[in-house]
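What follows is one structure encoded as C-alpha cells, with my remarks underneath.
Since every read-out is calculated from the coordinates, none of them should be taken as a lab result. Because the structure is a prediction, the values reported are computed rather than measured. FYI the Cβ positions are ideal-geometry reconstructions off the backbone, even for glycines, and counts take in every protein chain you see.
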Amino acid sequence: MRLSQLLIATLREDPADAEIPSHKLLARGGYIVKTASGLYTYGPLMWRTLKKIIEIVREELDREGAQELMMPIMHPKELWVRSGRWDRYVADGIMFTLQDQKGTDYCLGPTHEEVITDFADTLINSYKQLPVNLYQIQDKFRDEIRPRYGLMRGREFIMMDAYSFDVDAAALDVSYAKMDRAYRRIFTRCGLEFRSVQADAGAIGGSGSEEFMVIADAGEDAILYCEESGYAANVEKADSVPPEAPGCGDPLPLEKHATPDVRTVDQLVAFFSLPAAAMAKTLLYQATWSDREEVVAVMMRGDLEINEVKLVNALDCLAVALAGDETVRRVTGAEVGFAGPIGLPDDVRLLADRTLERRTNLLTGCNETGYHCLNVDPGRDCRMPSFHDLRLARAGELAPDRAGVLKSARGIEVGHIFKLGTKYSKAMQATFMGEDGKPTPFVMGCYGIGVSRTAQSAVEQNHDDAGICWPAPIAPFEAVVVCVDVKKPEQVELAERIWTELRDAGVDACLDDRPGRPGPKFKDVELLGFPYGIYVGRGAADGVVEYVVRKGRAKEELPVATAIARLREALAAERAR
Ligand code: ATP
Ligand code: MG
C-alpha cells in the first residue's frame, strides 16, 4: 500500500472524551472515529490490525479442533425466556431490544449461549458426536451504562465467543484445557504481556473460571498475585491469609458505653484504645433477588473490608448495595455509625465474616445513636450470625498458599474462559442420547475474547510520547519504507526497490511516498506506529539508508542490503513467538 493513496488523517488534538493514552493515540492516528457513544468506525488501518488479530484467534482455535460457525445477531425473545435470562437482562438494561413489524420481541445478542444451545440441541443427538467446540467472531451489543475508553468498553464490539459441548465434567475439563492453551498462544502471538487469573464464577460456582488480563495501569480490574507461587486472581475472587488479630480472651460481661460522635473505626480505635481487629463493624446492605428485596446486616472485623461479590455469592442474590441512611435509621433505630448485631429486627438476616468465628468480647455498635457495646459475645448477646468468607483480600497479605505476599496490579480483561456445566442445557432441555441410552444434558463451557478490546490493549501496553509502537504480528503494516523527499529521483527509485524487495520476501510493508516536508511525515509515521522502518534519504546515492526500530526509536545508518537483512531478522523473531 502506498501511503499517498491511503486515507491518512492524523489529528493534532486529543478528542475531548479520550482519557487514556491508547484511546487518544488511536483517535489521533485516525484509526478509529466515534460514530456515537460506544459506537466506532474502524478506519482502514484499524481494520487491518483487527483482521490480523482475528486471523491469529482463528488459527489457534482451529489448531485445538474448534469449528467456526456464524449465528444471527438478532435473537428471538422466546429463546431467552427458555433460558430464564430475558427478564433479568431487560431489567439490568444491558440488552438492546427491538420488535419486528408484527410486534414480536427480539434482542441484539449480548452473548450467544441461548442460540448455540438451541443449535446444538437440534444437530447433536448422540454422545458419539461429542465433544464439539463451536465459535464465531462477530459484533456483540451491550448497552453499557458507561461506554468509555474508546474500544475498551463499547456498546457494539467485536467478540470471539466459543461454546464447548461434552458428555460429562471430565470431558469438559479437557475442552477447557484446550481453550486455556489456545488463549495463551493467542495473546503471546499478539505480543501482549498478560496474566491469567482466577475469576469469580458467580452463583454457578465451580473452580473453572479464568480471566486473561493485559497488565496496564489503565485497566478497570484489580488483580492480586503472588510471584513465589504464581497464584493470581481477580480481586473479586482473591483469597488471602487474614492478618493476625490479638487474642480475645474469656467472655466478659456486656458493657454499654456512651460514644457521642464516635462513628468510624479510626475514631473508635482512638476512643477505646483498642485495635481495629477487636471490633466488628456492622454494615447494612440492600440485597436484590429476582423476586424480592431484603435488608441484610453484615459483620466484618474492624481492620478488614467486605468483598461485595463474595457477599452476593453467599446470599445467592443478584446484587447488593449499601443501604441508604434512611434505611439504616429505620432498621437500626439509630443514626449511621452505630449499627450493631444486638436487637436487630428478626427479619434482617445477620451474616458475619469467617474471621469473626469464635471471637468474643467484640466492640460493636448498639443500634442506639451515641452508644457502642463492649464485650459483645455473638450467640450470647445477639443472634449467632451465619459465617461466610466475605473478606476482601488485599495486597501485602499472605497468599492463600502461604508461598509469599500478594502484590497488586491493574489489568484489562481481554478474555474469559468459563465452565458452565449444565446451567443452560438443563434450563433449555438440550440433551443428547448418552451411552446408557438416556437423554443427558450437555455439559458446556463458554469462552470469550474481546477482539477490539485486545487491539486497543496492545496500544495501551506499547506506546511512547511520539505514538503507537505496534507489536509486529498485529501491526497494520509490519514495516514502512519512507521516501524522505519524493522530488529526488534517486530516493524514489531506491525506496521503490526496497519496498518491492521486502514484499517479495513476504514482509507486509507500506511505502510512504507522500509529498511534503520530512518533519511532518516522520511525525505521522511515528504516531501510526509501524514497528520497523527503512528511511531513504540523502544517503540514497551511496546506497545507505536509515534502519529504524519504532519501539525504543533506535536508528542506524546501514547499507541497503544490511538494513533489509536486519529488518527481516527482527521480524522473524517477533513472528516466532
Ligand atoms: P467486563 O467485566 O469488562 O464488562 P464481561 O465479563 O461482561 O466484561 P464477557 O461476557 O466475559 O465480558 O465477554 C467476553 C470478553 O468480551 C471480555 O473478556 C472482554 O474482553 C470483551 N468485552 C466485554 N464487554 C465489552 C465491551 N463493552 N467492549 C469491548 N469488549 C468487551
Ligand atoms: Mg468476563
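Quick notes
- Ascending count of other beta-carbon atoms within 10 Å, so fewest first, for H257, H23: H257, H23
- Nearest 10 degrees, 0 to 90: helix 451-461 Cα axis against the chain principal axis: 80
- Count Lys and Arg as plus one, Asp and Glu as minus one, and take only other residues whose Cβ is under 10 Å from that of T431; the net charge is then +1.
- Put the Cα centre of the range 152-170 next to the Cα centre of the range 451-524 and the gap is 35 Å.
- Near D266, once Lys and Arg are set to +1 and Asp and Glu to -1 for all other residues with Cβ below 12 Å from its Cβ, the sum equals +1.
- Remark: the chain carries a charge dipole of roughly 1060 debye about the Cα centre, counting +1 on each Lys and Arg Cβ and -1 on each Asp and Glu Cβ.
- With neighbour counts taken as other beta-carbon atoms within 10 Å, the residues K24, K426, K140 rank, fewest first, as K426, K24, K140.
- Dipole magnitude (debye, nearest 20) for the range 161-202, charges at Cβ of Lys, Arg, Asp, Glu: 360
- With both labels modelled 7 Å from their Cα along Cα-to-Cβ, the R497 to F272 distance reads 8.6 nm.
- Value of [θ]222 nm, deg cm²/dmol, for the chain, DSSP H segments ≥ 4, -39500 (n - 2.57) each, nearest 500: -8500 deg cm²/dmol
- Helix 44-63 vs. the chain, principal-axis angle (Cα, 0 to 90°, nearest 10): 70
- Beta bridges by DSSP in the range 477-575, antiparallel share as percent, to the nearest 5: 55
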